Amino acid sequence: MEPDFWFDSWREGGTKTSFHLPKVHPHARWLAETGLLRDARVLVPLCGKSVDLLFFAEHAREVVGVELVADAVDQFFSENGLDPVREAPGVLRAGNVVMRNQDLFELTAEEVGQADVVFDRASLIAFPADMRERYVESVARLLRPGAAWFLNTLEYAPLLPTPPFSVGLAEVRERFGASFAVEQVFAEPKPEHRMVEKFGLTSFQENGYLLRHQPQDAWVVPELDRVSA
Ligand SMILES: C[S@@+](CC[C@H](N)C(=O)[O-])C[C@H]1O[C@@H](n2cnc3c(N)ncnc32)[C@H](O)[C@@H]1O
């Protein structure tokens with residue numbers, strides 16, 4: 001969605017920011033158990049005021065959240081009793097958590113540095129289909145070769161014209177398959193989810209995908225090994 005939608009959502013709060021969870025997301029806990037966070041720089045695009053940032057800070061070297069709306073960033077620090085240091089305009093640090101109050105679409109790897117792991121919960125699906133390609137490109141240019149991208153999506157029917165948008169395996173393969181190995185690690189039907197009754201949905205599930213970037217070299221090296229063996 002366009003920026004005004006998100007500024008209005010955070011200004012109104014309540015049901016408009018019901019995507020915010022008071023607890024660490026179970027998929028974040030699962031990601032920590034894989035060992036992928038060890039010594040990693042974790043990027044959380046479109047992070048809102050997610051407490052997952054604090055959880056990752058316990059398991060990773062550094063966590064970088066990117067959030068457009070200053071209200072969300074302020075609430076993150078105040079609700080968690082943190083007193084951040086301003087490193088640069090829009091860049092706030094508390095320990096190994098960095099919050100960038102910036103537009104993801106405008107960030108470059110030169111400014112942000114490269115990430116080893118992405119945690120994307122309700123971020124790709126915050127955008128309609130015609131913005132999702134730009135979103136994927138914007139995140140991908142902040143990754144080091146070989147990075148891991150954990151992608152959480154919702155998948156439901158019938159489709160709705162508002163976030164969170166429905167994204168399933170077929171679209172994930174289509175968008176990521178050329179550069180990432182795609183593994184679906186969660187497919188959790190949730191008939192009790194509040195959206196089901198609210199929108200009269202006939203199916204609803206929460207998905208988790210582990211995407212592993214396949215840099216060109218990773219394909220070439222095994223070929224050479226095989227030939228010389
Ligand atoms: C659906 S929420 C997801 C929040 C978060 N991932 C979580 O788990 O709570 C989408 C968030 O992305 C932010 N956002 C939207 N467009 C953005 C952009 N271009 N750059 C950075 N943040 C953006 C919104 O303000 C909102 O907080």
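Quick check: is even one residue across the range 117-136 open to solvent by 50 Å² or more (accessible area, probe 1.4 Å), more than 21 Å from F19 (Cα to Cα), of a type outside the set (S, T, Y) and out of contact with any Phe, Trp or Tyr (no Cβ under 8 Å at 6 or more places or on another chain)?
Within the range 117-136 (the criterion being open to solvent by 50 Å² or more (accessible area, probe 1.4 Å), more than 21 Å from F19 (Cα to Cα), of a type outside the set (S, T, Y) and out of contact with any Phe, Trp or Tyr (no Cβ under 8 Å at 6 or more places or on another chain)), the answer is yes, since at least one residue qualifies.
Listed here are the residues, each with its yes/no results for (1) within 15 Å of the ligand (Cβ to nearest atom); (2) of a type in the set (A, V, I, L, M); (3) closer than 29 Å to T15 by Cβ.
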{"site": "L124", "(1), (2), (3)": "yes, yes, yes"}
{"site": "A129", "(1), (2), (3)": "no, yes, yes"}
{"site": "R132", "(1), (2), (3)": "yes, no, yes"}
{"site": "E155", "(1), (2), (3)": "no, no, yes"}
{"site": "F180", "(1), (2), (3)": "no, no, no"}
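If V73 passes every condition in (1) touching a helix residue (DSSP H, G or I) at 6+ places or on another chain (Cβ under 9 Å); (2) free of Cβ contacts under 8 Å to residues at least 40 places away in the same chain but one, which one does it miss?
Of everything listed in (1) touching a helix residue (DSSP H, G or I) at 6+ places or on another chain (Cβ under 9 Å); (2) free of Cβ contacts under 8 Å to residues at least 40 places away in the same chain, V73 misses just condition (1).
Scan the range 57-74 and give yes if some residue there is near the ligand (Cβ under 9 Å from one of its atoms), modelled with pLDDT of 95 or more, in contact with a His (Cβ under 6 Å, 6 or more places away or on another chain) and closer than 29 Å to R173 by Cβ, otherwise no.
no
Within the range 135-144, is even one residue in a strand (DSSP E or B), over 21 Å from E2 (Cβ atoms) and either away from the ligand (no atom under 14 Å from the Cβ) or not polar (S, T, N, Q) (or both)?
Within the range 135-144 (the criterion being in a strand (DSSP E or B), over 21 Å from E2 (Cβ atoms) and either away from the ligand (no atom under 14 Å from the Cβ) or not polar (S, T, N, Q) (or both)), the answer is yes, since at least one residue qualifies.
Let's see how each residue does on (1) out of contact with any Ser or Thr (no Cβ under 7 Å at 6 or more places or on another chain); (2) in a strand (DSSP E or B); (3) touching a residue at least 60 places away in the same chain (Cβ under 8 Å):
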residue: P22; (1), (2), (3): yes, no, no
residue: A28; (1), (2), (3): yes, no, yes
residue: A32; (1), (2), (3): yes, no, no
residue: L36; (1), (2), (3): yes, no, yes
residue: V42; (1), (2), (3): yes, yes, yes
residue: F55; (1), (2), (3): yes, no, no
residue: L82; (1), (2), (3): yes, no, no
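For G168, which of the numbered conditions (1) away from the ligand (no atom under 16 Å from the Cβ); (2) modelled with pLDDT of 95 or more; (3) more than 26 Å from F5 (Cβ to Cβ); (4) not polar (S, T, N, Q) fails to hold?
Only one criterion in (1) away from the ligand (no atom under 16 Å from the Cβ); (2) modelled with pLDDT of 95 or more; (3) more than 26 Å from F5 (Cβ to Cβ); (4) not polar (S, T, N, Q) is unmet by G168, namely (3).
What about P89, is it more than 19 Å from the chain's Cα centre (by Cα), open to solvent by less than 60 Å² (accessible area, probe 1.4 Å), more than 11 Å from the ligand (Cβ to nearest atom) and free of Cβ contacts under 8 Å to residues at least 24 places away in the same chain?
The answer is no for P89.
Considering only residues that are over 19 Å from Y135 (Cβ atoms), open to solvent by less than 20 Å² (accessible area, probe 1.4 Å) and within 12 Å of the ligand (Cβ to nearest atom), which ones fall in the range 28-52?
A28
Of everything in the range 156-169, what is farther than 14 Å from F127 by Cα and open to solvent by 20 Å² or more (accessible area, probe 1.4 Å)? Give them in sequence order.
Passing the criteria: A157, P158, L169.
The values are calculated or read from the model by the stated rules, or taken from the named source; none is laboratory data. Predicted model, so just to flag it, every value in this text is computed and none were measured. Every residue, glycine among them, receives a Cβ derived from its backbone with ideal geometry; neighbour counts consider all protein chains shown. What goes into the accessible areas is simple: the full protein's heavy atoms, side chains included, and nothing from ligands, DNA or RNA. Shrake-Rupley method; radii C 1.70, N 1.55, O 1.52, S 1.80 Å.
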